[in-house]
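Below is one structure; the comments refer to it alone.
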Amino acid sequence: YSEYLGDVQKIALMLLQLIDDILDIAKLDAGKMQIQHELLNVDDLVQDAITILAPKARSGGLTLQQDAPGDIPDLLSDSRRLCQLLVNLLSNSVTYTDPGGTVTEAARLAGPWLSLIADAPGAIIPKAELERVFNPLAHSSQDLV
């Protein structure tokens with residue numbers, strides 16, 4: 001029973017997160033989203049995302065690694081939103097990586113731009129689909145259902 005209840009709780013938390021994400025999108029569309037600006041350490045953010053997804057990675061037989069050089073300056077951003085972005089990137093990679101694989105959460109600074117990367121073996125999105133996926137006008141109403 002305790003294992004069953006654990007599964008129910010896990011699913012309930014996933015549904016709650018999905019509802020929160022939908023509400024965030026609605027707030028963003030309505031221009032009502034409140035952004036909390038604060039100085040953030042990128043290494044700490046990457047480590048937080050890895051810590052959050054470590055149980056999921058372990059259960060899938062995966063290794064998580066952090067690759068963020070220590071010389072990246074602090075970032076002025078919203079910690080909750082940025083952590084959510086990192087967790088989503090990492091979660092997708094963990095979900096679609098075969099057991100025994102390694103997923104690396106990386107941060108790279110190129111000029112004024114910070115790149116946050118979830119690097120996993122294998123392509124999650126086939127190359128032939130990349131243009132369609134990243135072109136918002138290419139989606140039909142059927143793709144959204």
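Can you tell me which residue within the range 51-68, out of those that are within 15 Å of Ser93 (Cβ to Cβ) and among the hydrophobic types (A, V, I, L, M, F, W, C), is surrounded by the most Cβ atoms within 10 Å (Cβ to Cβ)?
The extreme case among them is Leu53.
Quick check: is even one residue across the range 103-126 assigned to a helix (DSSP H, G or I) and over 18 Å from Asn41 (Cβ atoms)?
no
Any residue that is under 27 Å from Gly100 (Cβ atoms) and either of a type in the set (Ser, Thr, Tyr) or open to solvent by 50 Å² or more (accessible area, probe 1.4 Å) (or both) - is there at least one of those in the range 40-50?
Yes, the range 40-50 contains at least one residue that is under 27 Å from Gly100 (Cβ atoms) and either of a type in the set (Ser, Thr, Tyr) or open to solvent by 50 Å² or more (accessible area, probe 1.4 Å) (or both).
Residue check, Asp71 against (1) acidic (Asp, Glu); (2) surrounded by 12 or more Cβ atoms within 10 Å (Cβ to Cβ); (3) outside any strand (DSSP E or B), all met but one. Which one?
Every condition holds for Asp71 apart from (2).
Of the residues in the range 92-112, how many are in contact with a helix residue (DSSP H, G or I) (Cβ under 6 Å, 6 or more places away or on another chain) and either at positive phi or open to solvent by 20 Å² or more (accessible area, probe 1.4 Å) (or both)?
Matching residues across the range 92-112 total 0.
Yes or no, residue by residue, for (1) among the polar types (S, T, N, Q); (2) at pLDDT 85 or above:
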site: Asp21; (1), (2): no, no
site: Ala26; (1), (2): no, no
site: Asp29; (1), (2): no, no
site: Thr63; (1), (2): yes, yes
site: Gln66; (1), (2): yes, yes
site: Ser77; (1), (2): yes, yes
site: Leu82; (1), (2): no, yes
site: Leu109; (1), (2): no, yes
site: Trp113; (1), (2): no, yes
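Select from the range 46-83 the residues that are polar (S, T, N, Q) and either in contact with an Asp or Glu (Cβ under 6 Å, 6 or more places away or on another chain) or in contact (Cβ under 8 Å) with a residue 12 or more places away in the chain (or both) and list them in ascending order.
Answer for the range 46-83, where residues must be polar (S, T, N, Q) and either in contact with an Asp or Glu (Cβ under 6 Å, 6 or more places away or on another chain) or in contact (Cβ under 8 Å) with a residue 12 or more places away in the chain (or both): Gln47, Thr63, Gln65, Gln66, Ser77, Ser79.
Select from the range 26-39 the residues that are surrounded by 10 or more Cβ atoms within 10 Å (Cβ to Cβ) and over 19 Å from Ser79 (Cβ atoms) and list them in ascending order.
Ala26
The values are calculated or read from the model by the stated rules, or taken from the named source; none is laboratory data. Everything numeric here is computed off the predicted structure, so don't read it as measured data. Virtual Cβ from ideal backbone geometry, glycine too; neighbours counted across all protein chains shown. Ligands, DNA and RNA are stripped out before the accessible areas are found, and what is left, the full protein with its side chains, is counted by its heavy atoms. Shrake-Rupley method; radii C 1.70, N 1.55, O 1.52, S 1.80 Å.
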